[in-house]
Amino acid sequence: MPRARVSITRPGKDEATGLGYFETLAVDLWPTRWPIRTLHWGRFTGRNSSLVWIVWEHEQPRQWLFLDGSPARLARFDLPRSFAFDGAASGILIGGEAITLIAQPVSRRLRLLGPLRYGLPAMIRNLDEEKRIAPARIVFSDGSEDKGFMIFERIVLA
(Lines give C-alpha, C1' and ligand atoms only; values in the text may rest on other atoms or scores of the structure.)
Protein backbone atom coordinates (compact mmCIF):
# COMPACT_ATOMS: atom_id res chain seq x y z
CA MET A 1 0.00 0.00 0.00
CA PRO A 2 2.35 2.75 -1.18
CA ARG A 3 -0.06 5.66 -0.70
CA ALA A 4 -2.19 4.66 2.28
CA ARG A 5 -3.97 7.24 4.40
CA VAL A 6 -2.65 6.66 7.91
CA SER A 7 -3.13 8.09 11.36
CA ILE A 8 -1.00 7.50 14.41
CA THR A 9 -2.24 8.05 17.93
CA ARG A 10 0.35 7.96 20.69
CA PRO A 11 -0.51 8.24 24.38
CA GLY A 12 -0.06 11.84 25.53
CA LYS A 13 0.63 13.09 21.99
CA ASP A 14 -1.44 14.65 19.24
CA GLU A 15 -2.72 12.41 16.47
CA ALA A 16 -0.63 12.55 13.29
CA THR A 17 -2.22 11.89 9.90
CA GLY A 18 -0.90 11.77 6.36
CA LEU A 19 0.23 9.49 3.58
CA GLY A 20 2.06 6.37 4.63
CA TYR A 21 3.45 3.09 3.38
CA PHE A 22 2.78 -0.41 4.62
CA GLU A 23 4.46 -3.61 3.57
CA THR A 24 4.81 -7.15 4.80
CA LEU A 25 7.70 -9.43 3.91
CA ALA A 26 7.47 -13.20 4.25
CA VAL A 27 10.50 -15.32 3.38
CA ASP A 28 10.42 -19.11 3.24
CA LEU A 29 14.05 -19.69 2.25
CA TRP A 30 16.85 -20.11 4.76
CA PRO A 31 19.02 -16.94 4.56
CA THR A 32 22.06 -18.74 3.15
CA ARG A 33 19.93 -19.67 0.10
CA TRP A 34 18.76 -16.13 -0.65
CA PRO A 35 19.65 -15.13 -4.20
CA ILE A 36 20.76 -11.68 -3.02
CA ARG A 37 24.08 -10.16 -2.01
CA THR A 38 22.98 -6.51 -2.11
CA LEU A 39 19.37 -5.41 -1.90
CA HIS A 40 18.15 -1.93 -2.83
CA TRP A 41 14.53 -1.09 -2.19
CA GLY A 42 12.55 2.05 -1.76
CA ARG A 43 9.49 4.05 -2.49
CA PHE A 44 8.53 7.50 -3.62
CA THR A 45 5.25 9.05 -2.55
CA GLY A 46 4.15 12.22 -4.29
CA ARG A 47 0.94 14.21 -4.39
CA ASN A 48 -0.32 12.27 -7.41
CA SER A 49 1.91 9.24 -7.89
CA SER A 50 3.88 6.52 -6.18
CA LEU A 51 6.90 4.52 -7.23
CA VAL A 52 8.17 1.35 -5.54
CA TRP A 53 11.38 -0.46 -6.50
CA ILE A 54 13.35 -3.55 -5.55
CA VAL A 55 16.78 -4.24 -7.05
CA TRP A 56 18.78 -7.40 -6.28
CA GLU A 57 22.47 -7.62 -7.00
CA HIS A 58 23.78 -11.16 -7.36
CA GLU A 59 24.83 -13.60 -10.09
CA GLN A 60 21.33 -13.29 -11.53
CA PRO A 61 20.30 -9.68 -10.84
CA ARG A 62 16.59 -8.88 -10.60
CA GLN A 63 14.64 -5.62 -10.73
CA TRP A 64 11.03 -4.76 -9.99
CA LEU A 65 9.49 -1.33 -10.35
CA PHE A 66 5.87 -0.25 -9.93
CA LEU A 67 4.52 3.16 -10.88
CA ASP A 68 1.13 3.71 -9.25
CA GLY A 69 0.89 -0.05 -8.79
CA SER A 70 1.55 -0.89 -12.46
CA PRO A 71 4.77 -2.60 -13.58
CA ALA A 72 7.40 -0.35 -15.14
CA ARG A 73 10.95 -0.98 -16.33
CA LEU A 74 13.99 0.37 -14.58
CA ALA A 75 16.12 1.96 -17.31
CA ARG A 76 18.96 3.40 -15.19
CA PHE A 77 19.60 3.11 -11.46
CA ASP A 78 21.86 5.65 -9.72
CA LEU A 79 20.42 6.31 -6.27
CA PRO A 80 20.50 8.51 -4.30
CA ARG A 81 20.76 10.93 -7.22
CA SER A 82 18.29 9.58 -9.74
CA PHE A 83 16.97 6.71 -11.76
CA ALA A 84 15.08 6.51 -15.02
CA PHE A 85 12.11 4.29 -15.80
CA ASP A 86 9.80 3.52 -18.67
CA GLY A 87 6.68 1.53 -19.37
CA ALA A 88 3.12 2.88 -19.54
CA ALA A 89 4.70 6.16 -18.40
CA SER A 90 8.37 7.07 -18.49
CA GLY A 91 10.41 9.56 -16.58
CA ILE A 92 13.14 10.10 -14.06
CA LEU A 93 13.08 10.15 -10.27
CA ILE A 94 15.43 12.85 -8.95
CA GLY A 95 16.44 12.80 -5.30
CA GLY A 96 17.33 15.79 -3.16
CA GLU A 97 19.58 16.02 -0.11
CA ALA A 98 19.19 12.73 1.77
CA ILE A 99 19.05 12.32 5.54
CA THR A 100 20.42 9.07 6.93
CA LEU A 101 17.93 7.29 9.17
CA ILE A 102 20.12 4.31 9.91
CA ALA A 103 23.59 3.26 8.77
CA GLN A 104 25.11 0.45 10.76
CA PRO A 105 25.72 -3.26 10.84
CA VAL A 106 22.70 -5.17 12.09
CA SER A 107 24.98 -6.83 14.66
CA ARG A 108 24.58 -3.77 16.93
CA ARG A 109 20.85 -4.38 17.24
CA LEU A 110 21.28 -8.14 17.55
CA ARG A 111 23.22 -7.65 20.80
CA LEU A 112 19.81 -7.37 22.46
CA LEU A 113 19.37 -11.10 21.76
CA GLY A 114 22.41 -11.96 23.86
CA PRO A 115 23.92 -15.37 23.07
CA LEU A 116 20.85 -16.30 20.99
CA ARG A 117 22.21 -14.15 18.17
CA TYR A 118 24.89 -16.76 17.47
CA GLY A 119 22.12 -19.13 16.32
CA LEU A 120 21.53 -16.87 13.32
CA PRO A 121 23.50 -17.46 10.12
CA ALA A 122 26.65 -15.32 9.79
CA MET A 123 25.22 -13.65 6.67
CA ILE A 124 22.38 -12.23 8.83
CA ARG A 125 24.58 -11.35 11.82
CA ASN A 126 27.00 -9.49 9.53
CA LEU A 127 24.61 -7.70 7.20
CA ASP A 128 25.04 -3.97 6.79
CA GLU A 129 22.01 -1.69 6.49
CA GLU A 130 21.64 1.89 5.33
CA LYS A 131 18.25 3.62 5.19
CA ARG A 132 17.76 7.21 3.99
CA ILE A 133 14.97 9.67 3.30
CA ALA A 134 15.04 12.56 0.83
CA PRO A 135 12.79 15.02 -0.91
CA ALA A 136 12.33 13.89 -4.49
CA ARG A 137 10.45 14.58 -7.67
CA ILE A 138 9.45 12.63 -10.73
CA VAL A 139 9.81 14.37 -14.07
CA PHE A 140 7.67 12.52 -16.60
CA SER A 141 8.52 12.35 -20.30
CA ASP A 142 5.51 14.58 -21.07
CA GLY A 143 7.09 17.37 -18.97
CA SER A 144 4.76 17.05 -15.97
CA GLU A 145 6.23 16.68 -12.47
CA ASP A 146 5.22 15.27 -9.11
CA LYS A 147 6.98 16.28 -5.91
CA GLY A 148 7.17 14.23 -2.75
CA PHE A 149 9.58 12.17 -0.68
CA MET A 150 11.43 8.93 -1.10
CA ILE A 151 12.74 6.50 1.46
CA PHE A 152 15.29 3.98 0.28
CA GLU A 153 17.47 1.28 1.74
CA ARG A 154 20.57 -0.68 0.82
CA ILE A 155 21.30 -3.94 2.58
CA VAL A 156 24.55 -5.80 1.99
CA LEU A 157 24.57 -9.44 3.07
CA ALA A 158 28.00 -10.76 4.03
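Here the spin labels are modelled as points 7 Å beyond Cα on the Cα-Cβ line, and at Ser7 and Glu153 they lie 2.8 nm apart. Per-residue accessible area (protein heavy atoms, 1.4 Å probe) orders Leu112, Leu67 as Leu112, Leu67, starting from the largest.
Keeping all protein chains in place, calculate the accessible area per residue for the stretch 48-90 (probe 1.4 angstrom), answer in Å².
Working: 2480 Å² over 43 residues.
Heavy-atom SASA per residue in the stretch 48-90 reads 58 Å².
Could you please state how large a percent of the accessible area of the stretch 42-114 is carbon and sulfur, counting protein chains only and using a 1.4 Å probe?
Values: 2220 of 4280 Å².
Whole-percent figure for carbon plus sulfur exposure: 52.
Between Thr17 and Leu74, full extension at 0.36 nm per residue minus the direct alpha carbon distance yields a gain of 17.4 nm. For Ala136, the residues whose modelled amide H falls within less than 5 Å of its own, excluding neighbours fewer than 5 places apart on the same chain, are Gly96, Gly148, Phe149, Met150. Summary of the geometry: the stretch 52-103 and the stretch 133-158, compared by the centres of their Cα atoms, lie 7 Å apart.
With the Cα gyration tensor of the stretch 80-158 giving a ≥ b ≥ c as the square roots of its eigenvalues, does the rule (a/c under 1.5 for rounded; else a/b larger than b/c for prolate; else oblate) give rounded, prolate or oblate?
Prolate is the answer for the stretch 80-158, as a/c is 1.5 or above and a/b outweighs b/c.
Converting phi to 3J(HN,Hα) with the Karplus coefficients 6.51, -1.76 and 1.60 and the offset θ = phi - 60°, the stretch 63-68 yields 9, 10, 8, 10, 9, 6 Hz in sequence order, with x at every glycine or proline.
The values are calculated or read from the model by the stated rules, or taken from the named source; none is laboratory data. In this text the structure is predicted, and so the values were computed from the model without any measurement. Using ideal geometry, Cβ is built from the backbone for each residue, glycine included, and neighbour counts are taken over all protein chains shown. What goes into the accessible areas is simple: the full protein's heavy atoms, side chains included, and nothing from ligands, DNA or RNA. Shrake-Rupley method; radii C 1.70, N 1.55, O 1.52, S 1.80 Å.
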